[in-house]
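See below for the structure under consideration.
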Amino acid sequence: MSAQGIGIRPVVVPAVALVVLLGVWQAAHRIFHFNSIVLPAPTEIVAAFVKNAGSILTETGLTMFESVMGFIIGCGAAYLLAIAFVHSRTVQQAVYPYAVALKSTPLIAIAPLLVLWFGNGIASKIVMSALVAFFPVLVNSVSGLTAVDAEALDLMKSYSATRRQVLLKIRIPNSLSYLFPALKIASSLAVVGAVIGEFTGSTRGIGHLINTSSYYLDTALVFSAIGSISLGGILFFGFVAWFEKRIVFWQKA
Amino acid sequence: MTAHEQIVEAVNLSKTYPDGKVQALKDISFSVAKGEFISIIGPSGCGKSTLIKILGDITEPSMGTVRVNGLNARQARLKGMFSFVFQNPVLLPWRRVIENVSLPLEILHNGTRDPNSLLRVFGLEGFENAYPAQLSGGMKQRVALARALTFNPKILLMDEPFGAVDELNRAALDLDLARIWQEIGVTVFFVTHSISEAVFLADRVFVLSARPARLKTVLNISFPRPRNKELQETEPFQEVVRCLRKELE
Ligand SMILES: Nc1ncnc2c1ncn2[C@@H]1O[C@H](COP(=O)(O)OP(=O)(O)OP(=O)(O)O)[C@@H](O)[C@H]1O
Ligand SMILES: [Mg+2]
């Protein structure tokens with residue numbers, strides 16, 4: 001096997017698997033006469049996508065916009081709060097236990113409240129996204145800012161470094177390798193948050209499109225909308241992962 | 001030059017850690033002349049690191065005082081008089097070699113040495129732009145040494161600095177350290193587990209007792225300088241090492 005063969009295997013193998021899966025699906029659909037309202041054939045899904053490409057892409061774009069805005073706001077706020085924790089033990093002791101608890105609660109359960117408070121426009125979706133992105137990033141950032149080598153702190157003390165210098169030169173760079181795994185999780189959660197917000201109450205977005213087309217039993221359109229937002233989520237995740245490789249370059253995979 | 005000008009004066013240093021109620025140091029007093037090289041040996045866990053950290057004002061003593069050039073330890077630290085080298089090189093992995101060596105200069109604004117020429121002194125030319133992950137253990141420790149000297153400290157506090165380095169590299173690092181110490185006249189406290197390394201480098205060896213550490217013995221080492229590694233094979237050297245080993249038992 002050539003070195004080049006090894007290099008492209010990770011791409012080729014899953015691609016072949018996907019083609020095989022779609023082929024089996026298509027064949028089974030034809031042989032067993034599936035009801036297309038329950039499970040459309042791959043060709044029907046593609047046809048639905050082509051026919052509705054304009055609205056699918058527009059609504060996907062809107063949902064991705066909500067997700068990215070929520071992600072930026074939620075992750076930014078979480079990181080700033082983590083820095084506040086490092087500077088004030090009292091603030092940390094007061095708030096952190098709740099943050100850890102909320103990290104593993106299904107926050108999306110409060111989506112109806114958010115729609116009630118922020119309306120059925122994009123604001124409630126952005127808030128939902130920000131909220132689900134917030135907690136994992138907060139918890140990991142606090143770990144990364146505090147899990148600093150004790151000897152590095154001794155060294156900084158021997159230079160009589162200020163807290164601000166310790167923060168900028170040691171704590172923040174150290175936190176990045178903890179932050180990025182949380183950002184990757186948050187990027188996926190942010191999309192989930194936005195879609196759930198749209199399911200709960202909206203007139204736009206991919207969640208709304210999925211809702212209405214399932215109401216009209218247009219299952220092929222539902223599938224193509226799901227495929228479209230999934231692709232958006234994967235690209236978002238991939239973008240964050242790409243950034244991680246460039247920024248946290250010293251971390252060996 | 002006033003050969004007997006005292007730079008460090010420790011009086012009745014005691015340390016009890018509050019949490020474990022462990023007494024680490026008991027009544028340690030000594031004074032050290034400017035430019036002296038002091039090796040510190042003692043049973044493992046006796047309080048050597050604690051002593052080094054108290055001297056450099058990283059940890060406070062429970063009792064007793066440290067005075068440096070007439071200042072208390074805190075004032076001396078604020079003036080950038082102390083510099084540490086630990087067993088781990090403690091390099092920042094996101095900084096290049098040259099940026100690691102310059103770190104103290106971003107914080108302290110003392111009289112400085114040129115980081116590039118320090119890297120040359122330690123045989124690291126060509127590695128200025130490498131990242132720590134690209135260096136061997138011995139090279140990392142050389143970077144840590146260069147970093148410790150950039151801001152022209154008066155007192156170098158070394159806690160088993162070559163303890164994790166292989167034997168060949170360790171011998172080379174000992175020679176480099178001895179050479180540079182003579183060149184720049186810094187005062188050194190050097191903790192080590194190796195008796196022969198302690199003797200090879202020191203003007204005086206401080207032997208600490210088991211915990212709580214007291215200053216049990218102070219031994220003058222008068223082999224002429226510059227010393228080379230053949231010295232370690234000679235009978236007088238071995239005699240001193242045997243004598244210290246007995247002290248430690
Ligand atoms: N921060 C701390 N809090 C409580 N106890 C401590 C602390 N640091 C050290 N000790 C205790 O004080 C004693 C002396 O520790 P120290 O590290 O100074 O010894 P050492 O001689 O450097 O040991 P080693 O030979 O392992 O390097 C030990 O019993 C240790 O457990
Ligand atoms: Mg120690």
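The values are calculated or read from the model by the stated rules, or taken from the named source; none is laboratory data. Predicted model, so just to flag it, every value in this text is computed and none were measured. Note: ideal-geometry Cβ built from the backbone for every residue, glycine included; neighbour counts use all protein chains shown.
Tabulated values for the structure
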{"read-out": "Options A:137, A:115, A:91, A:68: the member that is away from chain B (no Cβ under 14 Å) and touching a Cys at 6+ places or on another chain (Cβ under 8 Å)", "value": "A:137"}
{"read-out": "Checking residue B:192 against (1) more than 16 Å from ligand 2 (Cβ to nearest atom); (2) buried (at least 21 other Cβ atoms within 10 Å of the Cβ); (3) β-branched (Val, Ile, Thr), the condition it does not meet", "value": "(1)"}
{"read-out": "Residue that is nearest to ligand 2 (Cβ to nearest atom) [pool: residues in segment B:147-189 that are of a type in the set (A, V, I, L, M, F, W, C), in contact with a Lys or Arg (Cβ under 7 Å, 6 or more places away or on another chain) and part of a loop (DSSP other than H, G, I, E, B)]", "value": "B:162"}
{"read-out": "Segment B:40-52 - residue that is within 14 Å of chain A (Cβ to nearest Cβ) and within 11 Å of the chain's Cα centre (by Cα) and, of those, nearest to ligand 1 (Cβ to nearest atom)", "value": "B:49"}
{"read-out": "Inter-residue pairs, beta-carbon under 6 Å, first at positive phi and among the acidic types (Asp, Glu) and in segment A:177-201, second surrounded by fewer than 24 Cβ atoms within 10 Å (Cβ to Cβ) and assigned to a loop (DSSP other than H, G, I, E, B), 6+ apart", "value": "none"}
{"read-out": "Matching entry among B:80, B:70, B:64, B:56 (being more than 16 Å from ligand 2 (Cβ to nearest atom), closer than 14 Å to residue A:158 by Cβ and of a type outside the set (D, E, K, R))", "value": "B:80"}
{"read-out": "Residue ranges of strands (runs of 3 or more DSSP E) in segment B:15-131 with at least 2 members exposed (fewer than 15 other Cβ atoms within 10 Å of the Cβ), at pLDDT 95 or above and of a type outside the set (A, V, I, L, M, F, W, C)", "value": "B:22-33"}
{"read-out": "Residues of segment B:60-81 satisfying the condition of being in contact (Cβ under 8 Å) with a residue 40 or more places away in the chain and facing chain A (nearest Cβ under 9 Å)", "value": "B:80"}
{"read-out": "Residues that are touching a residue at least 12 places away in the same chain (Cβ under 8 Å), assigned to a loop (DSSP other than H, G, I, E, B) and within 14 Å of chain B (Cβ to nearest Cβ), drawn from segment A:213-249", "value": "A:248"}
{"read-out": "Given (1) within 19 Å of the chain's Cα centre (by Cα); (2) away from ligand 1 (no atom under 15 Å from the Cβ); (3) charged (D, E, K, R), number of the condition residue B:60 does not satisfy", "value": "(2)"}
{"read-out": "Single match in A:47, A:82, A:77 (criterion: within 15 Å of residue A:223 (Cβ to Cβ) and assigned to a helix (DSSP H, G or I))", "value": "A:47"}
{"read-out": "Enumeration of residues in segment B:100-155 that are within 11 Å of another protein chain (Cβ to nearest Cβ), under 19 Å from the mean Cα position of the chain (by Cα) and among the aliphatic types (A, V, I, L, M)", "value": "B:144, B:148, B:155"}
{"read-out": "Set B:197, B:167: member being within 16 Å of ligand 1 (Cβ to nearest atom) and among the acidic types (Asp, Glu)", "value": "B:197"}
{"read-out": "Filter result for residue A:188 (surrounded by fewer than 23 Cβ atoms within 10 Å (Cβ to Cβ), more than 10 Å from every other protein chain (Cβ to nearest Cβ) and in contact with a helix residue (DSSP H, G or I) (Cβ under 7 Å, 6 or more places away or on another chain))", "value": "yes"}
{"read-out": "Residues that are surrounded by 19 or more Cβ atoms within 10 Å (Cβ to Cβ) and more than 7 Å from chain B (Cβ to nearest Cβ), drawn from segment A:151-168", "value": "A:156, A:166"}
{"read-out": "Residue satisfying condition, being away from ligand 1 (no atom under 13 Å from the Cβ), within 30 Å of residue B:132 (Cα to Cα) and away from every other protein chain (no Cβ under 14 Å), within set B:30, B:84, B:37", "value": "B:37"}
{"read-out": "Candidates A:82, A:28 - the one that is touching a Leu at 6+ places or on another chain (Cβ under 7 Å) and over 24 Å from residue A:206 (Cα atoms)", "value": "A:82"}
